[in-house]
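Here is the structure we will look at.
The values are calculated or read from the model by the stated rules, or taken from the named source; none is laboratory data. Note that the structure is a prediction, hence the values are computed from the model and not measured. Using ideal geometry, Cβ is built from the backbone for each residue, glycine included, and neighbour counts are taken over all protein chains shown.
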Amino acid sequence: MVEVRLDTWRGSFHLQVECRFSAEWTVIFGPSGSGKSTLLRLLAGLDRPSRGRVLLDGRPLTDTRNGFWTRPGQRCSGMVSQQPALFPHLNAAANVAYGLAALDRVARRRRVDEMLELAGATDLAALRPAHLSGGQAQRVALARALAPAPRLLLLDEPFSALDGAASDELVERLQAWVHAHNVQTVMATHDASDALATQAEVLLLREGRQAAMGPASEVLTGERERLMRRLDAGD
């Protein structure tokens, strides 16, 4: 469970959120500029809030009142963003293996193979990032984030470079995997179909404020109707 209480500024942008992520899969939904990426970066520890706290399973990750902040690599979390930050000098397999130094060589190779297979990237193992398409790089970045077995997985529109069918297939496999391994997932998106397809709990953000939170079928009723009108117009 992730508990968030943040009242913080990033430049001129003010984010004010107080919520609890208790579902296995939560979607942060909102238009561009609503604060989705900012919130994920604060959860990951990539940014530090001016005021607030973040708890994971009751354990503080950030607590400004007590001057407490856990470094990103110590949060038991993995993050995948729109722009995969792969190491350019390493091939895909080596990128995935990067955070597995605690495993012996055989176990490390086995884990790399499992994660590349999950991400649909087995055939990319020997390629360096310069030779990967955007979608392929996102698959490798996902495999790398999952390899250390995080407790919390943070996804910032991570499948934007994949077409609809490929994205849906990957999300379906990923949901089964995180369920089996007890990994709580928080995904940011501006596409309502992502939230509706996963039947997730949804945090709706507008201009840095929490507008609503609850089941996708309830929170995104208006978005569902808009999507249906677009589909009808296309027919």
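Look at segment 139-177 and say how many of its residues are of a type in the set (A, V, I, L, M), crowded, with 17+ Cβ neighbours inside 10 Å and in a helix (DSSP H, G or I).
Here the count works out to 9.
Any idea which residue in segment 81-127 is farthest from the chain's Cα centre (by Cα), counting only those that are assigned to a loop (DSSP other than H, G, I, E, B) and free of Cβ contacts under 8 Å to residues at least 24 places away in the same chain?
104
For segment 192-222: of the residues being at pLDDT 85 or above and acidic (Asp, Glu), which is farthest from the chain's Cα centre (by Cα)?
Only one residue fits best here, namely 218.
Look at segment 180-191 and say how many of its residues are under 15 Å from the mean Cα position of the chain (by Cα), farther than 21 Å from residue 73 by Cβ and not in a strand (DSSP E or B).
The number of residues fulfilling the criteria is 2.
In segment 223-235, which residue that is of a type outside the set (Lys, Arg) and loosely packed, with under 13 Cβ neighbours inside 10 Å is modelled with the lowest pLDDT?
231
Could you tell me whether any residue of segment 41-51 is in contact (Cβ under 8 Å) with a residue 24 or more places away in the chain, over 26 Å from residue 134 (Cβ atoms), loosely packed, with under 14 Cβ neighbours inside 10 Å and not charged (D, E, K, R)?
yes
Please determine whether any residue of segment 61-75 is part of a loop (DSSP other than H, G, I, E, B), within 17 Å of the chain's Cα centre (by Cα) and farther than 22 Å from residue 189 by Cα.
Among the residues of segment 61-75, at least one is part of a loop (DSSP other than H, G, I, E, B), within 17 Å of the chain's Cα centre (by Cα) and farther than 22 Å from residue 189 by Cα, which makes the answer yes.
In the set 78, 67, which member is touching a Pro at 6+ places or on another chain (Cβ under 6 Å) and either among the small types (Gly, Ala, Ser) or in contact (Cβ under 8 Å) with a residue 60 or more places away in the chain (or both)?
78
From 121, 126, 107, which residue is crowded, with 18+ Cβ neighbours inside 10 Å and among the aliphatic types (A, V, I, L, M)?
121
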